[in-house]
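K.L.:
Please read through the structure below; I'll follow up with questions.
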Amino acid sequence: MDTGYGYGKDEEGGDVLTKMREDEFPHMQGHVYLDHAGATMFSAHQLRDHQQLLVTNLYGNPHSTSAPSGSASAAAVDDLRAHLAAFFKTSLETYDIVFTSGATAGLKLVGEAFQFTSQSAFVYSTDSHNSVLGIRAFAQAAGAAVVALPTTALDALASPALDETSVLSCNKDDDDDDEPVWHLCAFPGECNFSGAKHPLHLVSTIQANGFDALDLARYAIAASSCQPAPRGRWLVLLDAAKLAATGPVDLSTHTPDFMVLSFYKLFGYPTGLGVLFIKRSSQHALSKRYFGGGTLATSLASSLLSTPRPEMHRQFADGTPSFLSLLACRFGFAQLEKLGMDAIGRHVSALTAYLVRALTSLRHGNDRAVCVIYGDHHHRPDLDHGSIVACNFLRHDGSAVGYSEVSALASLHQIHLRTGCFCNPGACQKHLGLSANALQTHIELGHTCGDAMDVIDGQPTGAVRVSVGYMTTQDDVDTFLSFVSTYFVSATLPVVRHAPPATPLGVYVAAITLFPIKSCAGLSVASWPLGPRGLLYDREWAIVDPVSGKALRQKDTARLTQIRPKIDLVTSELVLRCGALAPLRLPLTYAPSTLQVPRAIRLTVCATACDGSLYDSLVASWCTKALDRPCTLARVAPTATTAIGFANEAPYLLLSRGSVADMNGRMKTPVSEAVFRANIVIDGCGPYEEDAWKGVRVGETRFDVLGPCSRCSMINIDPTTGAFSPAPLQTLASYRRERAKIFFGQFLRQQSTAAAILTVGDPVVGER
């Protein structure tokens, strides 16, 4: 590990970082949290101290200054403003500080209030967050030029060899102009995609010199109605949301005109709060239109008279601030200050350097790289590594592993990371090498931010982002590296799989189970007729949320396992039992749609729509009591066109006991075959022999094999108790994963609709 890792020893000789993790972050135990660029973790001490402050003091609305409680709140908010100025090494004489709901809200405030005109230019670096890109709409509406400046062009301004005669000297006063012309340039201190940092002396360079007129024209994506004025003033908006979270920002050295950040990025709690720094010498570039409570010195309802308060932080603070949450910030800053931002910066940089070296050294058995890392700064010793490593993983043949596959596997191991483009389309396009035509093709194919279309035409559409925080340990990083080695490193080249030997004699049906109500307990039977959508009455019903129409799942409502349905074909009844509740009996002939006022509903079952009908309030009341949440029972509508009822993908699911035994041999604690919720369980064949079958004959009934069943975390739920354990899916993922899917079991469909009955003991013949 590089020098700079950790925070040394305490007075008793103990490791500060180790003790801090044990004492202050108990909620992180059992997790590997590597999404600090999304939100860092809060310390338990922050919550404790904030709660203690609230229960031992009385704080009222800070606008109620006539009340002691209101005055106390107002003073505390002012104290925080002064604390912020000191933390960033500036003063309230230089900057006014506006509290917002976050960095995005601060950016929006600047965009709304900035005095863009048809002679203005709005320039932003292409590695900016979407929240910065949103300012384009305000600039374009005013007729200003909008310029998307590549990062190479931006950083070239920081070169000491820059010829200042080639740039416009835009920040000189023009005595002939009655109205000043304002230009705005926005860029991130640290890119939230790659972690690359822009040199902050760009701030003064841009303020003094502006931009080359040719660059403005070359990179303009929306032209102004006239050319940007040769005179005017260039102001700089620094997005410090990522930069300020893990390193020092010195506003006495670099003085952007505006700076935004979010508190939860710095110290985790509270969320929904941020800050906008406004340099007092630049405040005249902002002109706010809307006014809310607390922003005015005078106002009349009977006329248009309204006089804003002189302080910018009061003009921009519409309504009552989140004063109780703001009180928590003092404890967040105390958390950072006891370590020091310089030490935090060294710590995270040491961790990312260690991670980059380890990922770079990983090789497949054929010596091909396992990982591609984005950002040249990670390979230059003269540059700060920051706290982010953005990457993608490669298979032994060089093809890309989709980020959805990485995310799904990481979740199985409680590894928290971020995938996609992280709301930064420009940096994503640059680092992935995607052309404009490729992006347009992705859009036409339906790809959207955050979806699972992670590889298109062999190219990744996003990346995996690992980001560390001030409390991240080497153990966290090592656990992630072990995860990568387990799932994404091929030590030897895969061998071609040959078909298993012919199915031996003696394969038979060992168990038959139907699941009348989706996600509820199964009903084991010795013999059962086949219906038009699978086993007769299989997944004919579902318990649904009455508002959203979504079918409840065990993953969200574990108590579903306690509802035990039974179908009596003799009495033609569906009987529901759950704990001490009186059984609910429903005639099988009772179809909700035959009621005088049918309640048809479009249900959503695992993202698939299906027509169903809701039962009456008596049935809803029983279901609500059983699950202790509002819900009701729905039945597949008689008019529904689906061939599988409320099943996820196919009418039947077949499972082999040989395959289950093989899986259990890899586990510390074996699981019941019931976790896989198969309709037909067979025995007498070898493990995974069913994988090679194209068809199956059970007794005299023939089935087509539709393909393997892709497993999800449902198999981690004990069907008897509802208890959750990640072991089953983790085990399968270690040897049954193909791309982003984890396969176990085979889906079937009956070849004909002829009446048939399946019976335990029926012979089974697999057909290839």
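K.L.:
Within the stretch 63-97, take every residue that is at pLDDT 95 or above and assigned to a loop (DSSP other than H, G, I, E, B) and give me the one that is nearest to Leu243 (Cα to Cα).
P.N.:
Filtering the stretch 63-97 for residues that are at pLDDT 95 or above and assigned to a loop (DSSP other than H, G, I, E, B), the one nearest to Leu243 (Cα to Cα) comes out as Phe88.
K.L.:
Here is a list: Gln751, Gln746. Which entry is loosely packed, with under 14 Cβ neighbours inside 10 Å and not hydrophobic (A, V, I, L, M, F, W, C)? Steps first, please.
P.N.:
Numbers: Gln746 fails: loosely packed, with under 14 Cβ neighbours inside 10 Å.
After applying the criteria, what remains is Gln751.
K.L.:
Please tell me if Ser322 is over 19 Å from Val477 (Cα atoms) and among the hydroxyl-bearing types (Ser, Thr, Tyr).
P.N.:
Yes; evaluated as a whole, the condition is true for this residue.
K.L.:
May I pose another question? Please indicate, with yes or no, whether at least one residue in the stretch 633-653 is over 24 Å from Val675 (Cα atoms), among the polar types (S, T, N, Q), crowded, with 22+ Cβ neighbours inside 10 Å and at pLDDT below 95.
P.N.:
No, the stretch 633-653 contains no residue that is over 24 Å from Val675 (Cα atoms), among the polar types (S, T, N, Q), crowded, with 22+ Cβ neighbours inside 10 Å and at pLDDT below 95.
K.L.:
Go over the candidates His396, His413 one by one and state the one that is touching a residue at least 24 places away in the same chain (Cβ under 8 Å) and more than 19 Å from Ser467 (Cα to Cα).
P.N.:
His396
K.L.:
Could I ask something else about it? Within the stretch 285-305, can you find the residues that are exposed (fewer than 14 other Cβ atoms within 10 Å of the Cβ), farther than 29 Å from Tyr269 by Cα and touching an Asp or Glu at 6+ places or on another chain (Cβ under 9 Å)?
P.N.:
Matches in the stretch 285-305: Arg289, Tyr290.
K.L.:
Look through the stretch 727-768, keep the residues that are farther than 22 Å from Ile680 by Cβ, in a loop (DSSP other than H, G, I, E, B) and in contact with a Ser or Thr (Cβ under 8 Å, 6 or more places away or on another chain), and return whichever of them is modelled with the highest pLDDT.
P.N.:
For the stretch 727-768, the residue satisfying everything is Ser734.
K.L.:
Select from the stretch 658-700 the residues that are among the hydroxyl-bearing types (Ser, Thr, Tyr) and under 33 Å from the mean Cα position of the chain (by Cα) and write down the one among them that is nearest to Thr753 (Cα to Cα).
P.N.:
Ser672
K.L.:
Separate question: Can you tell me how many residues within the stretch 432-486 are assigned to a helix (DSSP H, G or I) and of a type outside the set (Gly, Ala, Ser)?
P.N.:
Final tally of qualifying residues: 19.
K.L.:
Would you pick out the residues in the stretch 675-711 that are among the basic types (Lys, Arg) and either touching a residue at least 60 places away in the same chain (Cβ under 8 Å) or farther than 26 Å from Ser519 by Cβ (or both)? First the steps, then the outcome.
P.N.:
Taking the stretch 675-711 as the starting set, the residues that turn out to be among the basic types (Lys, Arg) are 677, 694, 697, 702, 711.
Listed by number, the residues that qualify are Arg677, Lys694, Arg697, Arg702.
K.L.:
Filter the stretch 434-482 down to the residues that are modelled with pLDDT of 95 or more and hydrophobic (A, V, I, L, M, F, W, C), then identify the one that is farthest from Arg418 (Cα to Cα).
P.N.:
Met471
K.L.:
Something else: Being of a type in the set (Phe, Trp, Tyr) and either touching a residue at least 60 places away in the same chain (Cβ under 8 Å) or touching a Phe, Trp or Tyr at 6+ places or on another chain (Cβ under 7 Å) (or both) is the filter here, so list the residues in the stretch 731-767 that pass it. Before you say what the answer is, go through the steps one by one.
P.N.:
First pass over the stretch 731-767, keeping only residues of a type in the set (Phe, Trp, Tyr): 735, 743-744, 747.
Listed by number, the residues that qualify are Tyr735, Phe744, Phe747.
K.L.:
Just for strands (runs of 3 or more DSSP E) wholly inside the stretch 293-411: which have at least 3 residues that are under 24 Å from the mean Cα position of the chain (by Cα)?
P.N.:
371-374, 388-393
K.L.:
Here is a further query. Looking for whichever is small (Gly, Ala, Ser), in contact with a Gly (Cβ under 9 Å, 6 or more places away or on another chain) and surrounded by fewer than 24 Cβ atoms within 10 Å (Cβ to Cβ) here; the options are Gly274, Gly210. Which one fits?
P.N.:
Only one candidate qualifies: Gly274.
K.L.:
Could you please find all residues in the stretch 110-130 being within 29 Å of the chain's Cα centre (by Cα) and either among the acidic types (Asp, Glu) or surrounded by fewer than 20 Cβ atoms within 10 Å (Cβ to Cβ) (or both)?
P.N.:
Passing the criteria: Glu112, Asp127, Asn130.
K.L.:
Answer yes or no: is there a residue in the stretch 6-28 that is buried (at least 18 other Cβ atoms within 10 Å of the Cβ), under 25 Å from Leu261 (Cβ atoms), touching a strand residue (DSSP E or B) at 6+ places or on another chain (Cβ under 8 Å) and not hydroxyl-bearing (Ser, Thr, Tyr).
P.N.:
The answer is no, given that none of the residues of the stretch 6-28 is buried (at least 18 other Cβ atoms within 10 Å of the Cβ), under 25 Å from Leu261 (Cβ atoms), touching a strand residue (DSSP E or B) at 6+ places or on another chain (Cβ under 8 Å) and not hydroxyl-bearing (Ser, Thr, Tyr).
K.L.:
Condition first: closer than 14 Å to Ala511 by Cα and either free of Cβ contacts under 8 Å to residues at least 40 places away in the same chain or buried (at least 16 other Cβ atoms within 10 Å of the Cβ) (or both). Now tell me which residues in the stretch 661-674 satisfy that. Before you say what the answer is, go through the steps one by one.
P.N.:
Taking the stretch 661-674 first, the residues closer than 14 Å to Ala511 by Cα are 672-674.
The answer is Glu673, Ala674.
K.L.:
Scan the stretch 21-53 for residues that are more than 12 Å from Thr473 (Cβ to Cβ) and in contact with an Asp or Glu (Cβ under 8 Å, 6 or more places away or on another chain) and jot them down.
P.N.:
Selection gives Ser43, Ala44, His45.
K.L.:
Hey, another quick one. For residues that are within 13 Å of Ser322 (Cβ to Cβ) and of a type in the set (A, V, I, L, M), scanning just the stretch 261-277, find the one that is nearest to the chain's Cα centre (by Cα).
P.N.:
Leu273
K.L.:
For the stretch 436-450, state whether one or more residues are outside the structural domain of Ser710 (by TED's automatic domain parsing), surrounded by 19 or more Cβ atoms within 10 Å (Cβ to Cβ) and in contact (Cβ under 8 Å) with a residue 12 or more places away in the chain.
P.N.:
no
K.L.:
Only one of Pro308, Pro321 is more than 16 Å from Tyr269 (Cβ to Cβ) and buried (at least 21 other Cβ atoms within 10 Å of the Cβ). Can you tell me which?
P.N.:
Among Pro308, Pro321, only Pro321 is more than 16 Å from Tyr269 (Cβ to Cβ) and buried (at least 21 other Cβ atoms within 10 Å of the Cβ).
K.L.:
Which condition breaks for Phe116 when tested against (1) touching a Leu at 6+ places or on another chain (Cβ under 9 Å); (2) among the aromatic types (Phe, Trp, Tyr); (3) part of a helix (DSSP H, G or I)?
P.N.:
It fails just one condition, (3).
K.L.:
May I pose another question? Might you check whether a residue that is out of contact with any Pro (no Cβ under 9 Å at 6 or more places or on another chain) and either farther than 28 Å from Asp212 by Cβ or in contact (Cβ under 8 Å) with a residue 24 or more places away in the chain (or both) occurs anywhere in the stretch 235-243?
P.N.:
no
The values are calculated or read from the model by the stated rules, or taken from the named source; none is laboratory data. Because the structure is a prediction, the values reported are computed rather than measured. Using ideal geometry, Cβ is built from the backbone for each residue, glycine included, and neighbour counts are taken over all protein chains shown.
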